[in-house]
1. Is there a residue being assigned to a loop (DSSP other than H, G, I, E, B), surrounded by 10 or more Cβ atoms within 10 Å (Cβ to Cβ) and either of a type outside the set (D, E, K, R) or modelled with pLDDT under 90 (or both) anywhere in the stretch 41-64?
2. Return yes when residue 33 is surrounded by fewer than 10 Cβ atoms within 10 Å (Cβ to Cβ) and among the charged types (D, E, K, R) and no when it is not.
Amino acid sequence: MKERSQRIIDMTPDGEFVVPQNAPPPRNAWAVRLGVSAAMIAAVAGALAVAAVFLWLASILIPVAVVAGLVAYGAFRFQIWRAHQSLRR
């Protein structure tokens with residue numbers, strides 16, 4: 001029985017464990033920090049990749065919008081020309 005650990009488990013009446021204020025960080029704290037940092041870098045890289053895809057898509061659609069605007073302008077001018085032609089007769 002002398003080989004038993006002399007650890008004391010400190011619990012509140014609710015059954016929660018009490019964490020000491022000056023508890024040393026866990027031994028694998030650097031691994032947790034590294035993992036969190038890697039996850040944050042991956043999230044930022046993913047957001048940048050999505051933004052790049054949307055920017056590429058928008059740059060592809062700009063010429064389409066310009067051509068559609070020119071066609072609409074031409075159709076509008078044609079309608080005005082037809083209206084003037086019908087008023088002359």
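The values are calculated or read from the model by the stated rules, or taken from the named source; none is laboratory data. This one's a predicted model, so the numbers in the text were calculated from it and none came from an experiment. Glycine also receives a Cβ, built like all others from the backbone with ideal geometry; neighbour counts cover every protein chain displayed.
1. No, there is no match, as no residue in the stretch 41-64 is assigned to a loop (DSSP other than H, G, I, E, B), surrounded by 10 or more Cβ atoms within 10 Å (Cβ to Cβ) and either of a type outside the set (D, E, K, R) or modelled with pLDDT under 90 (or both).
2. No, not satisfied.
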